[in-house]
Structure formats: structure tokens, C-alpha cells
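Enquirer: Pasting a structure below so you can have a look.
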Amino acid sequence: MQKVRIEHARYLGYCAKGMRLWCEDQGLDYLEFVNEGFDVSVFDKFGDDVMIRALIQEAQHERWR
């Protein structure tokens, strides 16, 4: 399974503070995200969020394989 990692967020220009706050709002462990990433399926629940869709697409892009 493909993972969404903090590197994907950084590549898109998302700030760490914003990602930390977003994880907290969603009940996700930010340190787990930073250290291990989350399966794409975790982010799929938020598929109507344009920024999260971009993050998923970036994680699935060939450059990260």
C-alpha cells in the first residue's frame, strides 16, 4: 500500500505546523505521520478536501516510487 509521508506535504509547500494542526483536528498522530507516514486509505476519508486530494496524488506519483 502506498504511504503519504511528510515529504509529500513538503513537496507541495504545506507547512509542518499546518499539517500538525490538521492531524490533531482529524485525531491522527502527527509524529506517526512524520516518522512512518500513513496509508493512502487513511487520507481517502478526507477525499473531498482539495489539499488532501493533492497530497494523495503526490504520494501516488511515480517520482516517489
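The values are calculated or read from the model by the stated rules, or taken from the named source; none is laboratory data. Because the structure is a prediction, the values reported are computed rather than measured. Virtual Cβ from ideal backbone geometry, glycine too; neighbours counted across all protein chains shown. Side chains are part of the model used for accessible areas, which takes the heavy atoms of the whole protein and leaves out ligands, DNA and RNA. Shrake-Rupley method; radii C 1.70, N 1.55, O 1.52, S 1.80 Å.
Enquirer: Mind pulling the angle between the C-alpha long axis of helix 50-60 and the longest principal axis of the chain? Nearest 10 degrees, somewhere in 0 to 90.
Expert: 50
Enquirer: Summarise the long-distance tail of P(r) for the chain by giving the % of C-alpha pairs beyond 16 Å. All intermediate terms of the calculation are to be shown ahead of the outcome.
Expert: Working: 778 of 2080 pairs.
That fraction is 37 percent.
Enquirer: Between ASP49 and ASN35, 0.36 nm times their residue separation minus their Cα-Cα distance comes to what?
Expert: Values: separation 14, 0.36 × 14 = 5.04 nm, distance 2.34 nm.
Length gained between ASP49 and ASN35: 2.7 nm.
Enquirer: Can you find, among GLY13, VAL50, CYS23, the residue sitting farthest towards the positive end of the charge dipole of the chain, where Lys and Arg contribute +1 and Asp and Glu -1 at Cβ?
Expert: GLY13
Enquirer: A further question on this structure: May I ask you to give the solvent-accessible area per residue for the chain, in square angstrom, as obtained with a 1.4 angstrom probe? Spell out each step's value before the answer.
Expert: On the way: 4210 Å² over 65 residues.
Per residue, the chain has 65 Å² of solvent-accessible surface.
Enquirer: Right, here's the next one. Carbon and sulfur together cover what percent of the accessible area of the chain at a 1.4 Å probe radius? Display every interim value, and only then the final one.
Expert: Numbers: 2030 of 4210 Å².
The value for the chain is 48 percent carbon and sulfur by accessible area.
Enquirer: Nearest 10 degrees is fine. How inclined is helix 16-26 to the longest principal axis of the chain, computing both from alpha carbons?
Expert: So the helix axis and the longest Cα principal axis differ by about 70 degrees.
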